[in-house]
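Novice: Got a structure for you, written out below as structure tokens; questions coming shortly.
The values are calculated or read from the model by the stated rules, or taken from the named source; none is laboratory data. Predicted, not measured: the structure shown is a model, and the values here were computed from it. Ideal geometry is used to build each Cβ from the backbone, glycine not excepted, and the neighbour counts take in all protein chains shown. All accessible areas refer to the heavy atoms of the entire protein, side chains included, with ligands and DNA or RNA removed. Shrake-Rupley method; radii C 1.70, N 1.55, O 1.52, S 1.80 Å.
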Amino acid sequence: MLLLAHRGASAHAPENTLAAFQEAVAQGADGVELDAMVCGSGEVVVCHDDFLDRLAGEPWEVRRTPWGRLQRADVGTRLGFAPARIPLLADVLDALPTHFLVNIELKCDHFEDLGLARKVARLVEERDMADRVVISSFNPLCLFRMAAAAPTLRRGFLIDPDKGWGLQAHAVTPLVSSHSVHPYHAQCTPERVEGWRERGLRVAVWTVDDVQRARALREMGVSYLITNTPRAVREALA
């Protein structure tokens, strides 16, 4: 079971920043999970929230704010860390070690993705990283667009625990997932994990910091465990 640092090692550094990804490397993670969206001037940035109220105390909507302005937002201080900046996806991909697995979540709740799938595919392909990238999203349209833009890139559907299980797990997942399925960890049972594995899908669960739960998921056959605390989980599982 590989350990992926959730938005970087976000228990110890501001989420989705270069500092968090560097901390993931220092903590011995196998890779990272991160969030990608298109900003107002068209660049792909690494950020989870649509608006910057929580992260920076600013009312800015990322998809409508140009990169030049986003660079001024401090997304570290309000989270209890040193000041930090939103990075470009290109800069994060360039900064990660070559052995790292990268789970890129496409963040788009709208019908129109502003070219997100196409732009992410290009960034990954330009760096020859297809063999260590997994693309995930809660939005099946994003994964359909990714399949059209880059058919060989590995895709995994994120199952929303606040929506109906059956439709997502049994209807949408087979349509859009080529590599993995990404349920919330509490939705995993041995039977469900075994069923996905029998269909050739890896299981990536989020977000697990509890060691006992991590052990149970490893026993079920989960492939990727997304955690805020990769070092602590690694040491406990050793």
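Novice: How many residues, within region 151-196, are closer than 25 Å to ASP209 by Cβ and in contact with a His (Cβ under 8 Å, 6 or more places away or on another chain)?
Specialist: The total comes to 4.
Novice: Still on this model: Out of all the residues in region 95-111, is one or more buried (at least 18 other Cβ atoms within 10 Å of the Cβ), small (Gly, Ala, Ser) and part of a helix (DSSP H, G or I)? Steps first, please.
Specialist: So the first thing to find is which residues in region 95-111 are buried (at least 18 other Cβ atoms within 10 Å of the Cβ), and the list is 96, 100-108.
Filter once more, keeping what is small (Gly, Ala, Ser): none.
No, every residue in region 95-111 fails to be buried (at least 18 other Cβ atoms within 10 Å of the Cβ), small (Gly, Ala, Ser) and part of a helix (DSSP H, G or I).
Novice: For region 214-231, give me the residue count where each residue is buried (at least 17 other Cβ atoms within 10 Å of the Cβ) and either among the β-branched types (Val, Ile, Thr) or over 18 Å from ASN16 (Cα atoms) (or both).
Specialist: Number of matching residues: 9.
Novice: Is it the case, given these coordinates, that GLY115 is among the small types (Gly, Ala, Ser), touching a Gly at 6+ places or on another chain (Cβ under 8 Å) and at positive phi?
Specialist: Spelling it out, GLY115 is indeed among the small types (Gly, Ala, Ser), touching a Gly at 6+ places or on another chain (Cβ under 8 Å) and at positive phi.
Novice: Residues that are farther than 15 Å from SER177 by Cα and in a helix (DSSP H, G or I): does region 137-146 have at least one?
Specialist: no
Novice: Quick check, is ARG85 in a loop (DSSP other than H, G, I, E, B), touching a Leu at 6+ places or on another chain (Cβ under 9 Å) and under 25 Å from VAL134 (Cα atoms)?
Specialist: Details: in a loop (DSSP other than H, G, I, E, B): yes; touching a Leu at 6+ places or on another chain (Cβ under 9 Å): yes; under 25 Å from VAL134 (Cα atoms): yes.
Yes: the conditions hold for ARG85.
Novice: Here's a follow-up. Looking at region 108-122, I want the residues that are under 17 Å from THR152 (Cα atoms) and charged (D, E, K, R) and have a partner that is part of a helix (DSSP H, G or I) and open to solvent by less than 60 Å² (accessible area, probe 1.4 Å) with Cβ atoms under 7 Å, at least 6 apart or on another chain. Which pairs are those?
Specialist: ARG118/ALA149
Novice: List pairs: first in region 22-45 and within 14 Å of SER137 (Cβ to Cβ), second crowded, with 24+ Cβ neighbours inside 10 Å and among the small types (Gly, Ala, Ser), Cβ under 6 Å, 6+ apart or cross-chain?
Specialist: VAL44/ALA36
Novice: Counting only residues that are in a helix (DSSP H, G or I) and more than 19 Å from the chain's Cα centre (by Cα), which one in region 221-238 is nearest to HIS12 (Cα to Cα)?
Specialist: Step by step, filter region 221-238, then rank; the result is ALA232.
Novice: Moving on to the next point. Go through region 112-133 and count every residue that is assigned to a loop (DSSP other than H, G, I, E, B) and open to solvent by 60 Å² or more (accessible area, probe 1.4 Å).
Specialist: Number satisfying all stated conditions: 4.
Novice: Let me ask another. Identify, please: which residue in region 136-168 is among the charged types (D, E, K, R) and closer than 16 Å to LYS119 by Cα and is, among those, least open to solvent (accessible area, probe 1.4 Å)?
Specialist: Within region 136-168, the match that is least open to solvent (accessible area, probe 1.4 Å) is ARG155.
Novice: With the checklist (1) touching a residue at least 60 places away in the same chain (Cβ under 8 Å); (2) under 19 Å from the mean Cα position of the chain (by Cα) in hand, flag the one item ARG218 doesn't pass.
Specialist: (2)
Novice: So for region 60-81 (the condition being out of contact with any Gly (no Cβ under 9 Å at 6 or more places or on another chain), assigned to a strand (DSSP E or B) and open to solvent by less than 10 Å² (accessible area, probe 1.4 Å)), does at least one residue qualify?
Specialist: no
Novice: Which count do you get for residues in region 152-182 that are out of contact with any Lys or Arg (no Cβ under 6 Å at 6 or more places or on another chain), assigned to a loop (DSSP other than H, G, I, E, B) and over 11 Å from PRO140 (Cα atoms)?
Specialist: Within region 152-182, residues that are out of contact with any Lys or Arg (no Cβ under 6 Å at 6 or more places or on another chain), assigned to a loop (DSSP other than H, G, I, E, B) and over 11 Å from PRO140 (Cα atoms) number 7.
Novice: Which members of region 11-23 meet the condition of being buried (at least 24 other Cβ atoms within 10 Å of the Cβ) and out of contact with any strand residue (DSSP E or B) (no Cβ under 9 Å at 6 or more places or on another chain)?
Specialist: So the first thing to find is which residues in region 11-23 are buried (at least 24 other Cβ atoms within 10 Å of the Cβ), and the list is 13-17, 20-21.
Result: ALA13, PRO14.
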